[in-house]
Amino acid sequence: MQQKIVLIGGPGTGKTSVINELTNRGCFCMPEISREVTLEAQKKGIDQLFLTEPLLFSKMLLEGREKQFLEANKSEQEVVFFDRGIPDVHAYMDYFKTDYPATFFEKCNLYKYTKIFHFSPWKDIHITDNERYESFEETTEIDRFLMKSYTDLGYAIINVPFGSLKERTDFVINSLACEL
């Protein structure tokens, strides 16, 4: 049975760096798609789509993450890593106190992951850029909403310790090794 592994945490916590390292090591990974959605909107003159039209942005993310999940199902890979999962979408909507359709939550119950690795906010590595505008304080608050979303869905959360990129990536791989 295929394992679907999700890396979660607030913005700037090191998830994408670990996903990139997992890819470099030959693992099958699904990248974060929010930057792609944001960059497409910026090409159309919308600086931060999530801030101007959060529901549209979130619908696009939900569709993209659902597509990734289905692509993973079609693959013959034993393990697939995801940079964020479907529950992240409603966690962000809850953080921003934005109403959303029931389908956002229903999709979380329809598409289930095997393991969830959590990357805690870490001030030493947190940076902002064109697509990541959240302050460290906002990252910490978003992280609380993410943790609540996943635990409310019944997921056990595995916390990834602070450390070098190699140490964090090794931790994720070694945590799975006993099950592969």
Report summary line: Among helices (runs of 4 or more DSSP H) entirely within region 64-180, at least 2 residues that are more than 28 Å from Asn24 (Cβ to Cβ) and either touching a Pro at 6+ places or on another chain (Cβ under 6 Å) or β-branched (Val, Ile, Thr) (or both) occur in 103-110, 136-152
Report task. Would you check if there is a residue in region 71-79 being surrounded by 14 or more Cβ atoms within 10 Å (Cβ to Cβ) and more than 18 Å from the chain's Cα centre (by Cα)? Result -> yes
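When you check Leu70 against the structure, is it under 26 Å from Gln2 (Cβ atoms) and aliphatic (A, V, I, L, M), yes or no? Steps first, please.
Working: under 26 Å from Gln2 (Cβ atoms): yes; aliphatic (A, V, I, L, M): yes.
It is true that Leu70 is under 26 Å from Gln2 (Cβ atoms) and aliphatic (A, V, I, L, M).
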**Report entry** Residue identified as under 24 Å from Asn159 (Cα atoms), assigned to a loop (DSSP other than H, G, I, E, B) and of a type in the set (Gly, Ala, Ser) among Gly45, Gly12
**Finding:** Gly12
Query raised in the report: Name the residues in region 23-40 that are surrounded by fewer than 19 Cβ atoms within 10 Å (Cβ to Cβ) and farther than 29 Å from Gln2 by Cβ, would you?
Result: Leu39, Glu40
Report summary line: Of the candidates Ile116, Ile157, Ile142, the one satisfying the condition of being among the aliphatic types (A, V, I, L, M) and at pLDDT below 95 is Ile142
Report summary line: Here the residues within region 144-168 that are buried (at least 17 other Cβ atoms within 10 Å of the Cβ) and under 12 Å from Ile5 (Cβ atoms) are Tyr155, Val160
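Just to be sure before I move on: is Ser75 at pLDDT 90 or above, out of contact with any helix residue (DSSP H, G or I) (no Cβ under 9 Å at 6 or more places or on another chain) and more than 24 Å from Gly154 (Cα to Cα) in the structure I sent?
Numbers: at pLDDT 90 or above: yes; out of contact with any helix residue (DSSP H, G or I) (no Cβ under 9 Å at 6 or more places or on another chain): yes; more than 24 Å from Gly154 (Cα to Cα): yes.
Considered against the rule, which asks whether it is at pLDDT 90 or above, out of contact with any helix residue (DSSP H, G or I) (no Cβ under 9 Å at 6 or more places or on another chain) and more than 24 Å from Gly154 (Cα to Cα), Ser75 comes out as yes.
The values are calculated or read from the model by the stated rules, or taken from the named source; none is laboratory data. Note that this is a predicted model, so its numbers are computed, not measured. Virtual Cβ from ideal backbone geometry, glycine too; neighbours counted across all protein chains shown.
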